[in-house]
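The values are calculated or read from the model by the stated rules, or taken from the named source; none is laboratory data. Being a predicted model, the structure only gives us computed values, none of them experimental. Virtual Cβ from ideal backbone geometry, glycine too; neighbours counted across all protein chains shown. For accessibility, only protein heavy atoms count, side chains too; no ligands or nucleic acids. Shrake-Rupley method; radii C 1.70, N 1.55, O 1.52, S 1.80 Å.
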Amino acid sequence: MTGALLVFWVIVALCTIEAGAFFALARFDPKNRGALWFSWAFAAAAVSFLGEIVLTTGFYPGPTRMVIALAMVAMFVLVAYGLAIRYRVDLHLGGGWAIVTASALLYWLILDLPREDFVRQLLYQLPYALLSLLSLSVIWRATSKTAFDWLFIWLFLALAAHFLAKPFLALWVGGVGASAAGFSGTVYAGLSTASGAVLLLILATGGLALMLSDTAGRLIQKAERDAETGLLNRVGFTTHAERRALALAQTETSERTDLTLTLIALNLPAPQRTAIPPIKALAALIGDYVPRDALVGRMADRDFAVLSPRTNLMAARQAAESLRVAAIESLSEPDRPITLSIGITEREKGEVYADMLARGLWALDEAEKAGGNCVRLAASSSFGVSTIRQG
């Protein structure tokens, strides 16, 4: 067994494993539709390299060469569509079929040309290079890019260069072999398949890491959300609120003027008789009266919290009063009036989220002690807050 043939078997095994991994991920997370396209892509790659093994036996060389070429074309088309789904970039489905059809026509015209012909070799590699650039363009058109996305851009650029360099590599090392069956025994075959295997493995590993991170992000987001309202739950709200308060604490020595942060604590009193509290409606209403970048969470059955950046105490109070009035007008029923008790605090220098929460809940308790259906502001931390709401 030649070195190139051994590499072919290794690549087939790796592509099959990667296809199975992407398929399993797609079944586990149906929203990760890009993973399913990647699964088909690496299944097509496995077919292509399996064809290379079959070709060494001399079995129907003409059809086998077409299968090898078109399966690899299909692999790159499927990768491009998988990336388009993942990056939310529009890529018309008919374009893929057009590329496959055009490639089939090209290969039908050139595969019977002399194997050593430089133009034939260049035309053979051209669709792969162009399809690598197609995937690159998909990521390039994405609205925002992370370091990982830039790594993919450079990878597809390397793939395009790899395919365009192959004809020159063949000239340098002595050709591609006099026959298809003898290809695996050439120096070119060893260098070409080894370099291609490395790039393909990087693509597969990077793609799997990308899809896994998307699924992990969705799982984390789901764990942080309240199932009934879709708002952050207590754990999720606390996690993000602590991060925001800590970020402000780390920059408060600067001269920035946008470091204000307010916490609004809301309580919907227990329903009278057998009435069901309008939790979902209230959750939607809260979103209409707070800044778009505010954190909104359901802290308990009838308790909510809002953390608003760049909002001072007076602005938060105005929004809270408007919300309280709107809740009474839109959510009350003739025999079941709705009221809201609201406590507000503004972050003071040196405070973390736990400090804000203690003073915010103290203000909420003061609102409830006043009979409810009102807004109360927290006392300054210099007065000390000893009453902390439980539950």
By accessible area (1.4 Å), largest first, Y289, Y124, Y188 order as Y289, Y124, Y188
In the list [x] 55, 48, 46; [y] 81, 45, 38; [z] 95, 50, 32, the entry giving Cα extents along the principal axes in Å computed from the coordinates is [z]
Rounded to the nearest 10 degrees, the helix 187-223 long axis (Cα) sits at an angle to the longest Cα principal axis of the chain of 20 degrees
For the chain, longest principal axis from Cα atoms; helix 313-331 axis from its Cα atoms; angle between them, nearest 10 degrees, is 90 degrees
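Given 25 °C and 0.890 mPa s, how large is the Stokes-Einstein diffusion coefficient of region 88-152 in µm²/s, with Rh as the Kirkwood radius over Cα pairs?
Working: Rh = 13.9 Å.
In µm²/s, the coefficient rounds to 176.
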Lys and Arg at +1, Asp and Glu at -1: neighbours of L50 with Cβ under 15 Å from its Cβ sum to -1
The alpha-carbon pair-distance distribution computed for region 52-104, with 5 angstrom bins and whole-percent values, is 4, 19, 23, 16, 14, 11, 8, 4, 1
From most to least accessible, 1.4 Å probe, no ligand or DNA/RNA atoms counted, T64, T101 line up as T101, T64
Around W40 (Cβ within 14 Å, Cβ-to-Cβ, excluding W40; K/R +1, D/E -1) the net charge comes to +1
Projected onto their principal axes, the Cα atoms of region 51-161 stretch, largest extent first, over whole-Å spans of 48, 26, 24
Listed by chain and number, the lysines with an alpha carbon less than 25 angstrom from that of K145, same-chain partners under 8 positions apart left out, are K31, K222
With Cα coordinates, the longest principal axis of the chain makes an angle with the long axis of helix 234-251, in degrees rounded to 10, of 90 degrees
Whole-number value, in Å³ per residue, for the convex hull of the alpha carbons of region 1-115 is 107 Å³
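Net charge within 13 Å of Y124 by Cβ-Cβ distance, Lys/Arg positive one each and Asp/Glu negative one each, not counting Y124 itself?
Residues close to Y124 contribute a combined charge of +1.
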Ignoring ligands and nucleic acids, R317 exposes an accessible area, probe 1.4 Å, in Å² to the nearest 10, of 90 Å²
